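Below: one structure, written as structure tokens.
The values are calculated or read from the model by the stated rules, or taken from the named source; none is laboratory data. Everything numeric here is computed off the predicted structure, so don't read it as measured data. Neighbour counts run over all protein chains shown; Cβ positions are idealised from the backbone, glycine included.
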Amino acid sequence: MTVTEQTLALFGGIAVVLTAASLIGLLLQRRYAAEGPNAVIDNLNSRIKAWWVMVCVISIAFAFGKAGVIVLFAFASFTALREFMTLLPTRRGDHYALGAAFFVVLPLQYYLVWIEWYGLYSILIPVYAFLLLPIVAALRGDTTNFMRRVAEVQWALMICVFCISHVPALLTLPIPDYEGRQVLLIAFLVVVVQSSDVLQYVWGKLLGSRKIAPLLSPSKTVEGFVGGVASASLIGAALWWITPFAPWQAGIMALMINLMGFLGGLVMSAIKRDRGVKDWGHMIEGHGGMLDRLDSVVFAAPIFFHITRYWWTI
Amino acid sequence: MRSSGSVRVLTVRVGQMIDMLVGMAVTLLARAVTGVRGEWQGCAPEARPRVYFANHSSMGDFVLVWTVLPPALRRNTRPVAGADYWTVNATRRFFADRVFHSVLIDRNWLTRKGDPVKQMTDALDADASLILFPEGTRNMTEERLLPFKSGLYHLAMARPQVELVPVWLENLNRMMPKGEVFPVPLLCTVTFGAPLTISAQEDKSAFLERARAALLAAASARAAAQ
């Protein structure tokens, strides 16, 4: 199959799954309509609706190729960074540092991904932003909570820009016999992570009883975790045909992605709990903010990128 | 005669359309930068004259209130603003008159000719709602909310049946602190609290204190809802 045929086959499969989900949602709504409003079913249906929108947006981006994918994830980074910064107790003395993060670091990072300058986009934020932004903040002279403030801004950039930019950066990997197909690696990562999130939710709702991290995320259960991660890893193995991996390798990659995604979700929950909020924002109906949807992608993307780069590229 | 009349009608129509498009562009821009959300905590949006009174920290404040109102209400909601700022040049005058339909008040009480309370009641009597900043000026201090000026009291006395809706604006002051030259994108919220009306025996300071407390209550309702 050509890359176009594979992409169409993948999106066709996703459309079938979403159609089935929409029908189930509709049936559930009909069946329980007599018992009055049901928050769980309403939330499920708005989530499914939002999934349709997200899949449409991603397929439009894919249709525009590299430019489309980079613009999409730059936009995701922008909205994620805005959600993150909104929750930080920043002070006036951080204004230049925040401005630099939004208007210099973020566009520069995606520009470097665009021109495929691996040597610089992989150190721009961990090295240059890490050293320069505290200098900018220090020059403003406000020392209150200084260490904490610069650390938080750096963390926001790492999570929202550095990590997310490693999704489009997959396009730049020179993998033998896989030229021009790297967009499918993005599809693999996103489909595996998101189906893990969805399946953890489904398994948890169906069988969940033992809480796995009651202090961090009271809705996550052992049953949801095991069932979700196992079934999403099988989905990953079954998707080997869109990747440069053998089926068993695709399965292991998917397992690694799912574990990172799950643990990343816990980390992001810890931050939300500390800041006293349930969701990062309200951008995506039923899901919360951009970061609520991307938290597991954030933690999986750089590791997936580097493992693929180390073992599969020339 | 007839043709010149229809040309005039056409010009007016096109003018109105441009005003509306500029208004839509302003709300789109506000949404793109601030991701602003309206939260109707203490009341629902209703199509009757009301006075929305809000905390004031930036020039963008009334734009955000205006943006989160349902479009049908937005067209009929007029910000009360200082004439000194909005009549300086043609661009500001265009936005104040044609886009936002502002009620422009001469803030200098020594030189002013019109009665600001009458300007506001005229607008309410013509079925419009108002957006008002009772602190009177932008709050550039560390205080959450400055003491209210008496305008809100005089307006409430003149139209005691009109509901006064407290509106808490969050984060706009963080986006562009005083003296900074560029804004930083942060998510903003506009929280509508429980409406109040003036009671018969209430004196000025008691009423203003109650209104101020209602606005602070809307702010805490916002914090609790997160």
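Right, residue B:9: under 28 Å from residue A:285 (Cα atoms), among the hydrophobic types (A, V, I, L, M, F, W, C) and part of a helix (DSSP H, G or I) or not? No; evaluated as a whole, the condition is false for this residue.
Only residues that are facing chain B (nearest Cβ under 8 Å) and either at pLDDT 95 or above or in a helix (DSSP H, G or I) (or both): list them for region A:88-102, please.
Step one: of region A:88-102, the residues facing chain B (nearest Cβ under 8 Å) are A:90, A:92, A:95, A:98-99, A:102.
Passing the criteria: A:92, A:95, A:98, A:99, A:102.
In the condition set (1) touching a Ser or Thr at 6+ places or on another chain (Cβ under 7 Å); (2) part of a helix (DSSP H, G or I), residue A:84 is compliant with all but (1). So which of A:226, A:202, A:198, A:190 is outside the structural domain of residue A:73 (by TED's automatic domain parsing), part of a helix (DSSP H, G or I) and in contact (Cβ under 8 Å) with a residue 40 or more places away in the chain? Just a single option satisfies the conditions, and that option is A:190. Scanning region B:38-47 for residues that are buried (at least 18 other Cβ atoms within 10 Å of the Cβ) and under 28 Å from residue A:79 (Cβ atoms) turns up at least one hit. Residue A:299 passes every criterion in (1) surrounded by fewer than 22 Cβ atoms within 10 Å (Cβ to Cβ); (2) in contact with a helix residue (DSSP H, G or I) (Cβ under 6 Å, 6 or more places away or on another chain); (3) of a type outside the set (A, V, I, L, M); (4) at negative phi apart from (1). If the condition is being surrounded by fewer than 24 Cβ atoms within 10 Å (Cβ to Cβ) and within 19 Å of the chain's Cα centre (by Cα), then region A:167-187 contributes A:170, A:171, A:172, A:182, A:183, A:184, A:186, A:187. Evaluating residue B:193 against the criteria (1) out of contact with any Pro (no Cβ under 8 Å at 6 or more places or on another chain); (2) closer than 21 Å to residue B:120 by Cβ leaves one unmet condition, (1).
Cβ-Cβ distances below 6 Å connect the following pairs, each with a first residue in region A:131-160 that is under 28 Å from residue A:74 (Cβ atoms), a second residue that is part of a loop (DSSP other than H, G, I, E, B) and not acidic (Asp, Glu), and a separation of six or more residues or different chains: A:152/A:88.
Residues in region A:237-255: is at least one closer than 30 Å to residue A:90 by Cβ, in contact (Cβ under 8 Å) with a residue 60 or more places away in the chain and assigned to a helix (DSSP H, G or I)?
Pass one, region A:237-255, residues closer than 30 Å to residue A:90 by Cβ: none.
Within region A:237-255 (the criterion being closer than 30 Å to residue A:90 by Cβ, in contact (Cβ under 8 Å) with a residue 60 or more places away in the chain and assigned to a helix (DSSP H, G or I)), the answer is no, since none of the residues qualifies.
State whether the residues of region A:250-272 include one that is closer than 20 Å to residue A:1 by Cβ, of a type in the set (A, V, I, L, M), modelled with pLDDT of 95 or more and crowded, with 19+ Cβ neighbours inside 10 Å. The answer is yes, given that some residue of region A:250-272 is closer than 20 Å to residue A:1 by Cβ, of a type in the set (A, V, I, L, M), modelled with pLDDT of 95 or more and crowded, with 19+ Cβ neighbours inside 10 Å. If you check residue A:70 against the conditions, is it under 14 Å from residue A:165 (Cβ atoms), without any contact (Cβ under 8 Å) to a residue 12 or more places away in the chain and outside the structural domain of residue A:205 (by TED's automatic domain parsing)? Judged against the criteria, residue A:70 is not a match.
Picking from B:98, B:78, B:74, B:92, which residue would you name as being touching a helix residue (DSSP H, G or I) at 6+ places or on another chain (Cβ under 7 Å) and surrounded by fewer than 15 Cβ atoms within 10 Å (Cβ to Cβ)?
Numbers: B:98 fails: surrounded by fewer than 15 Cβ atoms within 10 Å (Cβ to Cβ); B:78 fails: surrounded by fewer than 15 Cβ atoms within 10 Å (Cβ to Cβ); B:74 fails: surrounded by fewer than 15 Cβ atoms within 10 Å (Cβ to Cβ).
When all the criteria are applied, what remains is B:92.
Would you confirm whether any residue within region A:112-120 is part of a helix (DSSP H, G or I), crowded, with 19+ Cβ neighbours inside 10 Å, touching a Ser or Thr at 6+ places or on another chain (Cβ under 6 Å) and more than 14 Å from chain B (Cβ to nearest Cβ)? Yes, there is a match, as at least one residue in region A:112-120 is part of a helix (DSSP H, G or I), crowded, with 19+ Cβ neighbours inside 10 Å, touching a Ser or Thr at 6+ places or on another chain (Cβ under 6 Å) and more than 14 Å from chain B (Cβ to nearest Cβ).
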